[in-house]
1. If the only charges are +1 at each Lys and Arg Cβ and -1 at each Asp and Glu Cβ, what is the size of the charge dipole of chain A around the Cα centre, to the nearest 20 debye?
2. For a label point 7 Å from the Cα of A:Arg67 along Cα→C-beta, name the residues of region A:23-53 whose backbone N is under 17 Å from it.
3. Taking the Cβ of A:Gln74 as the centre, find all other residues whose Cβ is under 12 Å away and add up their charges (Lys, Arg: +1; Asp, Glu: -1).
4. Among bridges DSSP assigns within chain A, what percent are antiparallel (round to 5)?
5. Given contacts defined as C-alpha pairs under 8 Å and at least six residues apart, what's the relative contact order of region A:105-222, whole-number percent?
6. What net charge do the residues around A:Asn164 carry, taking every other residue with its C-beta under 14 Å from that of A:Asn164, with Lys and Arg at +1 and Asp and Glu at -1?
7. Hey, in the GNM for chain A with a 10 angstrom Cα cutoff, which one of A:Ala212, A:Ala168, A:Ala160 fluctuates hardest?
8. If I take every Cα pair under 8 Å that is 6 or more residues apart in chain A, average their sequence separation and divide by the length, what percent do I get for the relative contact order?
Amino acid sequence: MLRVSEAIKVDIWSDVQCPWCYIGKRKFEDGAAQFGGDVEVEYHSFELSPDTPVDFDGNTVDYLSQRKGMPVAQVEEMLERVTGIAKDVGLDYDFEHVHQTNTVKAHELLHFAKSKGLQLEMKERLLKAYFVEGHHVGRIEDLADLAAEIGLDRAEAVAALEANSYLADVKADVAQAQAYGIQGVPFFVIDGKYGVSGAQEAAAFANVLEQARTERDAEVVQ
Amino acid sequence: MTLATPVNGLLIVGDPAAAACEGDFCAVPGTATSTAVTTPSPRSEQAVVNERLDADLV
């Protein structure tokens, strides 16, 4: 008996402070549009730098030059290139005003938003706040403002973050990433079967989504 | 589409050199920084090997 195909599930591991995650998000969205079928996206937490203090005193240049020992000129050149690549997908990165911070609370907020059906909106708002608008995304009060902007209850968001209500969900995502062997982000798991690492070109995402749909259709025929 | 060796239940596809962030650093492909401060993951190396095998380059 034929059955209507369900949406193809895409699980995405990502961090709010990952420049390639935002660029990869845009490329994935472009690829999904090229694919044209139904896609269900769920974001998962990945902490690139869990030891970063919430109130690191400096921007990305300061962070990389201090923490990685890279010459400032080299960091600036690297960020200039990333900014150019971001521009190509319509994103205006402003690394000069980025507030380098710990993102665990932002990840908790994403899980809170997921519980309210607004995870995708929250993800986009957080990435834009961090890379484009220079907002702080590590402090509860700042995060709650962003949550309220997309329609979440501000007081409820504050209470959830203060109580660490979704910390276990963040850690579960990180553990699942380790189980998959994920070492970098963004990382896309398509239909629980294919793994796609990095900010691939849109066509690569379209191809793997089409492959997943073809296999689904073959199963339906059988 | 490149199909690589299954990694923990996943088939890794796509360009293994696509830009990504590992640890607390995000390398820029094609620059000195991409090789100076990051180490390719075993998965990525395997993907490259498989791609070459697919293309009969080795």
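1. On the way: 21 positive and 39 negative charges, 94 e Å.
The dipole of chain A has a size of about 460 debye.
2. Only A:46-53 fall inside the zone, counting backbone N under 17 Å.
3. Working: positive: A:Lys68, A:Arg81; negative: A:Glu76, A:Glu77, A:Glu80.
The answer is -1.
4. In chain A, DSSP labels about 55 percent of beta bridges as antiparallel.
5. In percent, rounded to a whole number, it is 20.
6. So the surrounding residues net to -1.
7. Looking only at A:Ala212, A:Ala168, A:Ala160, the largest GNM fluctuation is found for A:Ala168.
8. 33
Read the figures in this text as sums done on the coordinates, not as results from a lab. Quick caveat: nothing in here was measured; it's all calculated off a predicted structure. Don't worry about glycine lacking a Cβ; one is built from the backbone with ideal geometry, like all the others, and counts go over all protein chains shown.
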